[in-house]
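Engineer: Got a structure for you, written out below as structure tokens; questions coming shortly.
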Amino acid sequence: MLAQRTARYASSVSTRANRLRHSNRVAFTLLEVLLVMAILVVLAALAVGVFGGAQDKANINAAKAEVKVIAGEAKRYKADTGVWPQTLMDLKHNESNVPGWGGPYLEKDNFNDPWGQEYMIVGPDQYDSALIIKSLGKPGANEEIASSAQ
């Protein structure tokens with residue numbers, strides 16, 4: 001009886017081992033996993049390269065749009081007061097009590113470009129005919145973004 005139990009136990013162990021060895025489970029080998037990881041790293045590097053320049057273009061377009069808006073509001077300021085604003089804060093608050101001021105012309109509380117630098121007013125020119133609003137652009141890029149208010 002002990003011999004039958006031992007034989008039955010031994011046969012069930014070997015049958016279980018055979019089932020595990022010949023099962024239909026599929027597993028990935030280490031080589032396959034490393035190959036997939038390498039492909040993903042290459043794709044990620046390509047995506048960063050492609051979309052990295054998109055952020056710079058978006059910042060440049062945003063700065064161009066904001067410079068145009070500020071220049072337009074500076075024109076409105078001049079139409080209302082007869083003089084150009086001396087600072088960008090003149091478009092927000094009438095601290096110098098300029099007669100005819102009809103602002104606030106801008107709702108923004110800060111006048112920073114997408115790179116965190118403050119927009120600048122250049123001018124008016126010697127003939128009082130033009131005021132230039134500009135951004136220095138991306139630091140280190142040496143490309144200004146400007147709009148003229150005439």
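The values are calculated or read from the model by the stated rules, or taken from the named source; none is laboratory data. Computed from a predicted model, the values in this text were never measured in an experiment. FYI the Cβ positions are ideal-geometry reconstructions off the backbone, even for glycines, and counts take in every protein chain you see. Accessible surface areas use protein heavy atoms only, side chains included; no ligands, DNA or RNA. Shrake-Rupley method; radii C 1.70, N 1.55, O 1.52, S 1.80 Å.
Engineer: Where does each of Phe111, Phe51 land when they are ordered by accessible area, with a 1.4 Å probe and the largest first?
Structural biologist: Phe51, Phe111
Engineer: First measure r as the distance between the Cβ atoms of Lys75 and Val48, then evaluate 1/(1 + (r/R0)^6) with R0 = 30 Å and state the FRET efficiency to the nearest 0.05.
Structural biologist: For R0 = 30 Å, the calculated efficiency reads 0.15.
Engineer: Right, another one. Residue by residue through region 53-66, what is 3J(HN,Hα) from phi via Karplus (6.51 cos²θ - 1.76 cosθ + 1.60, θ = phi - 60°)? Round to whole Hz and write x for glycine and proline.
Structural biologist: Whole-Hz 3J(HN,Hα) from phi for region 53-66: x, 5, 5, 4, 5, 5, 5, 5, 5, 5, 5, 4, 5, 5.
Engineer: Could you compute the FRET efficiency for Ala62 and Glu95, with r as their C-beta to C-beta distance and R0 at 41 Å, rounded to 0.05?
Structural biologist: Plugging the Cβ-Cβ distance into 1/(1 + (r/R0)^6) gives 0.90.
Engineer: Mind putting together the pair-distance distribution for region 62-141? All Cα pairs, 5 Å bins, whole percent per bin, short to long.
Structural biologist: Per 5 Å bin, starting at zero, the Cα-Cα P(r) for region 62-141 comes out as 3, 16, 28, 24, 17, 9, 3, 1, 0 percent.
Engineer: Here's a follow-up. Given a 1.4 Å probe and heavy atoms of the protein chains only, how would you sort Val48, Val69, largest accessible area at the top?
Structural biologist: Most to least solvent-accessible, the answer reads Val48, Val69.
Engineer: For Ala130 and Asp109, compute 0.36 nm times the residue count separating them, minus their Cα-Cα distance, and round to one decimal in nm.
Structural biologist: 5.1 nm
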